[in-house]
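Down below is the structure, laid out as structure tokens.
The values are calculated or read from the model by the stated rules, or taken from the named source; none is laboratory data. Note that the structure is a prediction, hence the values are computed from the model and not measured. Cβ: placed from backbone, ideal geometry, glycine included. Neighbour counts: every protein chain shown. When the accessible area is computed, the model is the full protein with side chains, heavy atoms only, and any ligands, DNA or RNA have been set aside. Shrake-Rupley method; radii C 1.70, N 1.55, O 1.52, S 1.80 Å.
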Amino acid sequence: MEKMMKSDLRFEFLSDIESHSITVVREFDGKRQLVWDCHTKSEHLDRWFAPKPLTTKTKHMDFREGGYWHYAMITPDDQKFWNRLDYKTINPIDSYTAQDGFCDETGTVNPDLPGSLWSVAFADRDTRTLVSTIIQYSSSDALQAAIDMGLKDGLASTLERLDELLSTLRE
């Protein structure tokens with residue numbers, strides 16, 4: 001099977017222990033509106049927002065300032081990892097910010113696991129879209145915990161799934 005990710009698509013993953021942040025810059029072969037929709041609509045998120053072989057299932061989605069997305073990442077043997085993304089600011093097809101946290105099935109965030117503030121920006125690059133994400137943690141320990149949990153490889157796999165979805169949505 002042909003590898004879906006084009007080798008010329010930009011991918012950067014930079015961690016900065018001093019500022020407790022990770023910057024992810026990723027280029028996608030799709031128009032900005034489509035890439036935005038894939039980040040903000042549960043019917044699309046459920047098709048790509050988990051590293052392989054996990055899947056995603058939305059329990060609640062209210063994409064507006066003050067709203068939230070509550071979802072589970074599900075393993076092939078049906079183990080569920082619950083997460084919640086609380087939307088802080090939204091500038092349609094340009095950017096959004098959201099507080100991310102691990103939670104339980106009811107949506108109660110677990111304060112013992114590393115939460116983070118995501119700032120996600122979308123920019124046109126000819127027929128492509130550049131998505132720049134800054135993930136801010138409360139401390140260098142929280143940042144290191146996320147890295148130790150496999151954040152880089154998990155994000156790389158997840159973003160490749162978005163490539164695959166975009167190729168089906170463009171056809």
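Per-atom-type breakdown for the chain gives carbon and sulfur 50% of the accessible area (1.4 Å probe, protein chains only). Mean residue ellipticity at 222 nm, helices only, the chain: -8000 deg cm²/dmol; runs of at least 4 DSSP H residues each add -39,500 (n - 2.57), and the sum is divided by the number of residues. Modelled this way, with points 7 Å down the Cα-to-C-beta line, the labels at T55 and A156 are 2.6 nm from one another.
Of H70, H44, H60, the order by accessible heavy-atom surface (1.4 Å probe, DNA, RNA and ligands excluded), from most exposed downward, is H60, H44, H70. Using a probe of 1.4 Å on the protein chains alone, the accessible area found for E105 is around 110 Å².
The mean sequence separation of alpha-carbon pairs under 8 Å and at least six residues apart, normalised by the residue count of the chain, gives a relative contact order of 26 percent. Given a 10 angstrom Cα cut-off, can you work out which residue in D46, D86, D141 is the most mobile in a GNM of the chain? Evaluated over the chain, the most mobile residue of the options is D141.
In the assembled protein chains, R64 presents an accessible area of approximately 120 Å² (probe radius 1.4 Å). Helices of the chain meeting both criteria, an alpha-carbon length of 20 angstrom or more along the long axis and an average Kyte-Doolittle score not below -1.0, with helices taken as full DSSP H segments, are 151-170. What you get for the chain, charging only the Cβ of Lys and Arg (+1) and of Asp and Glu (-1), is a dipole of about 400 debye around the Cα centre.
Here K41 sits with roughly 80 square angstrom of accessible surface, probe radius 1.4 Å.
Among the lysines of the chain, pairs at least eight places apart or on separate chains and with Cα atoms under 23 Å apart come to 20. For the chain, the solvent-accessible area works out to 53 Å² per residue, with a probe of 1.4 Å and every protein chain left in place.
Converting phi to 3J(HN,Hα) with the Karplus coefficients 6.51, -1.76 and 1.60 and the offset θ = phi - 60°, the stretch 82-99 yields 8, 9, 9, 10, 9, 6, 9, 9, 9, 10, x, 6, 10, 6, 8, 10, 7, 8 Hz in sequence order, with x at every glycine or proline.
Each of G66, N91, T106 was placed along the dipole of the stretch 20-112 (beta-carbon charges, centred on the mean Cα), and the one lying farthest toward the positive end is N91.
Counted residue by residue at 0.36 nm each, then reduced by the alpha carbon distance between them, the extension gain from L34 to E18 reaches 2.3 nm. Gain on full extension, evaluated as 0.36 nm per residue between R125 and T75 minus their Cα-Cα distance, stands at 14.5 nm. Amide H contacts for K59 (H built 1.01 Å from N in the peptide plane; partners 5 or more residues away or on another chain; cut-off under 5 Å): H70, Y71, A72.
Once you put a point 7 Å from the Cα of E105 and another 7 Å from the Cα of D148, both along the Cβ direction, what distance in nm separates them? The two pseudo-label positions are separated by 2.9 nm. What separates the Cα centres of the stretch 116-171 and the stretch 31-100 is a distance of 12 Å. Note on N91/D46: beta-carbon distance plugged into 1/(1 + (r/R0)^6) with R0 of 22 Å gives a FRET efficiency of 0.40.
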